[in-house]
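See structure below.
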Amino acid sequence: MAPDPTSHDDPATRVAALRALIDRHAAAYYERDAPEIPDADYDRLLRELLELETAHPELAAPDSPTRRVGGPMNTAFSPVVHQVPMMSLHNAFDLDELTAWSERVERRLEGQPVPAFSVELKFDGLAISLRYENGVLVQGATRGDGMVGEDVTHNVRTIGDIPESLPAGAPSVLEVRGEVYMRLSSFAALNARQVAHADISGREPKLYVNPRNTAAGSLRQIDAAITADRDLSFFCYQLGMVEGGPELTTHTETLAWLESLGFPVNEHTVTRTSIDEVAARVRELDDRRHEFDYEFDGVVVKVDDLRLQAELGADAKAPRWAIAYKLPPEERTTRLLDIEVSIGPSGQATPFAVLEPVFVGGVTVATATLHNQDQVAAKDVRPGDMVIVRRAGDVIPEVVGPVLSERPKDSVPWEFPKDCPVCGEPLVRPEGVAATHCVNFHCDRQIRGRIEHFAGRAAMDIEFLGEKNVDRFVSAGLLDDVAGLYSLDYDAILAMEGFQEKSVDNLRRAIEASKSKPLGNLLFGLRIPEIGQVNAQTLAASFGTMDRIMDATVEEIAAVDGFGTVIAEAVHDWFARDAARDLVSRLAAAGLTMEAARVDDSQEQTLEGKTVVVSGTLRGFTRDGAKEAIVARGGKSPGSVSKKTTALVVGADPGASKVAKAEEAGVPVIDEAAFVSLLETGELPEGSKP
Ligand code: IVH
């Protein structure tokens, strides 16, 4: 984690800063399933806050993150009140803390024999509560804030490990708690599918980052078909409310009973009779972490006797009878073979470590980013050094620093190369800027970057022209700018390895199809400074034709709603260059659309006066395709939800804020099937009210 400049402040300031930081990271983790820091760092922040609050009771606050279980909720799902709250666990970060916990337990149980402990894995997934009534699954809910969770019943039903019904004689009410997680093998298979899919479409695959967030994201889908597709698993570890169940005396017995009802119980749960034996088991599990087909980030130790559990009770956040021993982020040392610099599509030069491959945190790491020149200098890592590599569960591997005691005598500090490794032209780092760039317009990497951008989904959407192909065509001298796409030498491509008549034909047709992309897409594809997707569409709509844009004065462009002079000058300067004008005229000669599209009124105007917003990935439409389908039927499809929105269509992984906004504004949230019927009939299907 970057050093925190506020860490030397007075306690009150530090507490406020910590709360803000924790809230921010909690939102990233819980609301967006996209953590920005490793769990261990998050825990460290929380712990520092807890220590400060304990040392300065006057600073405690009822809404402090230390009193909260979990994080804020996504309002797309109905709330479920947990009749028995779903508590969190207190953490121990080393074996001394584990021992201290057991001593506290013994003190509270004074006079009674030392209790036995159940020792189990702390699964890294998403906690859920399953409710069965008379043996039938009626509800699945996330933990939420511990008191109120989200109703995810429809998704939970798609998980094969979770029984829909229980054997005869099951209690009238039974709540089973446990963790939904994704197996490493399922995670790998999911990403392999992404790669296969990307290969077909010729694009870079969109890979899932880690099993935990994928599992959490998968469970919180509005469309259960997506959850079903993700192959989630489940382990149970606790009971919630039970009415009419058997008399149980220990946690171990509880797990055995749950297993007899058909729930998956993890086979590595053991009972131990002393804290030393518990510690030995913890060490063993830490060593064996990578033998498992799922991730665990700790070991949970529970007092086994249920009567003693009741006696020990809980504080505001967690039970006193259990503790989570958090395993440290994994670190390994390896040789730093070299530091190389990669050039990004816009010319940015990024140093990265080339490592002797090392297995850390469940993956083999051979490269790790070093971000920029200053980061390399701050860490003072040098080629030839032994370095510490860390990977905390999910985040990208990181080079922590050198092992100085093992530094070779002849080592010298690494120097940033002066020239671009791709084109050999000098690299440039302006004063006060962290990043270094190759600014050669003709650098192969940038040529490729411009073509990749042009072919991208949000621009000309050219299927079958992925990064790999662009790379090969540019290297082979078949392509040096985007206009070259329209006069490609297909015979030469056919002669290249891996190409057949069919693949060449697919490519030719995809490139041909791009000629009819709307002017707004073309403008975006040209990568004019300041012209993102929205500005590109505005520019097209405001001027109507490419010629008018090219001939517009700075004042005319600045007058466009939302533009102003900075954008206007950027556009004007770009079109003032001969090279740009030449490029545009070659694109026009190739037959690309140079006029803004008129509404296609051959379609039945089912969506006249309606506004439909799309979020997430649909299976049958690209993002643009969905918008086009709406506009072609007379509807509007803006990027955000408002009170006037007719419906919000959600695909896989929709934006949480859009869904929340729709809920708030009473806008129906519909899945893809309902969207198709909306397109056809202009009507929302029955029951799709929010
Ligand atoms: S017991 C009242 N057992 O860890 C105690 N929790 O940090 C209820 N977790 O919310 C939890 N593995 O999501 C328990 N074997 C295990 C667990 C486990 C993972 C999660 C669970 C809980 C969180 C607390």
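Key figures for this structure:
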quantity	calculated
Total residues in the range 472-502, condition buried (at least 16 other Cβ atoms within 10 Å of the Cβ), among the hydroxyl-bearing types (Ser, Thr, Tyr) and at pLDDT below 95	0
Residues of the range 261-286 satisfying the condition of being under 34 Å from the mean Cα position of the chain (by Cα), within 16 Å of the ligand (Cβ to nearest atom) and not hydrophobic (A, V, I, L, M, F, W, C)	PRO264, ASN266, GLU267, HIS268, THR269, ARG281, ASP286
Positions within the range 287-298 being over 25 Å from the mean Cα position of the chain (by Cα) and touching a residue at least 40 places away in the same chain (Cβ under 8 Å), in sequence order	none
The one condition in (1) in contact with a helix residue (DSSP H, G or I) (Cβ under 8 Å, 6 or more places away or on another chain); (2) surrounded by fewer than 14 Cβ atoms within 10 Å (Cβ to Cβ) that VAL566 fails to fulfil	(1)
Any helices (runs of 4 or more DSSP H) falling wholly within the range 421-531 and containing at least 2 residues that are without any contact (Cβ under 8 Å) to a residue 40 or more places away in the chain	444-455, 467-475, 490-494, 501-514
The lone exception for ALA216 - which of (1) outside any loop (DSSP other than H, G, I, E, B); (2) within 16 Å of the ligand (Cβ to nearest atom); (3) farther than 21 Å from MET87 by Cα; (4) at pLDDT below 95 it fails	(3)
First in the range 81-110 and touching a residue at least 40 places away in the same chain (Cβ under 8 Å) and of a type in the set (D, E, K, R), second anywhere and assigned to a helix (DSSP H, G or I) and within 16 Å of the ligand (Cβ to nearest atom), Cβ under 8 Å, 6 or more apart	ARG108/GLU311; ARG108/LEU312
Qualifying residue in the range 135-148 (condition: surrounded by 19 or more Cβ atoms within 10 Å (Cβ to Cβ) and closer than 30 Å to ALA279 by Cα)	yes
Residue in the range 234-244 that is farthest from TYR181 (Cα to Cα), counting only those that are crowded, with 16+ Cβ neighbours inside 10 Å and more than 11 Å from the ligand (Cβ to nearest atom)	VAL242
Pick from the range 100-156, criterion within 16 Å of the ligand (Cβ to nearest atom), among the charged types (D, E, K, R) and part of a loop (DSSP other than H, G, I, E, B), ranking: modelled with the highest pLDDT	ARG143
Filter result for the condition that a residue is more than 16 Å from the ligand (Cβ to nearest atom), surrounded by 16 or more Cβ atoms within 10 Å (Cβ to Cβ) and either farther than 30 Å from GLU431 by Cα or of a type outside the set (A, V, I, L, M, F, W, C) (or both), over VAL365, VAL376	VAL365
Test: residue in the range 205-215 that is over 22 Å from the mean Cα position of the chain (by Cα) and at negative phi	no
Residue that is farthest from SER88 (Cα to Cα) [pool: residues in the range 293-321 that are within 15 Å of the ligand (Cβ to nearest atom) and out of contact with any helix residue (DSSP H, G or I) (no Cβ under 8 Å at 6 or more places or on another chain)]	LEU308
Top-ranked residue in the range 75-99 [being assigned to a strand (DSSP E or B) and either over 28 Å from the mean Cα position of the chain (by Cα) or more than 9 Å from the ligand (Cβ to nearest atom) (or both); ranked as surrounded by the most Cβ atoms within 10 Å (Cβ to Cβ)]	ALA92
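Here's the yes/no breakdown for (1) of a type in the set (A, V, I, L, M, F, W, C); (2) surrounded by fewer than 19 Cβ atoms within 10 Å (Cβ to Cβ):
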residue	(1), (2)
GLU133	no, yes
VAL152	yes, no
ALA170	yes, no
GLY178	no, no
ARG183	no, yes
ASN191	no, yes
VAL195	yes, yes
ASP223	no, no
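The values are calculated or read from the model by the stated rules, or taken from the named source; none is laboratory data. This structure is a prediction, so every number in the text was calculated from the model and none was measured. Here the Cβ is made from the backbone with ideal geometry for all residues, glycine too, and neighbour counts use every protein chain on show.
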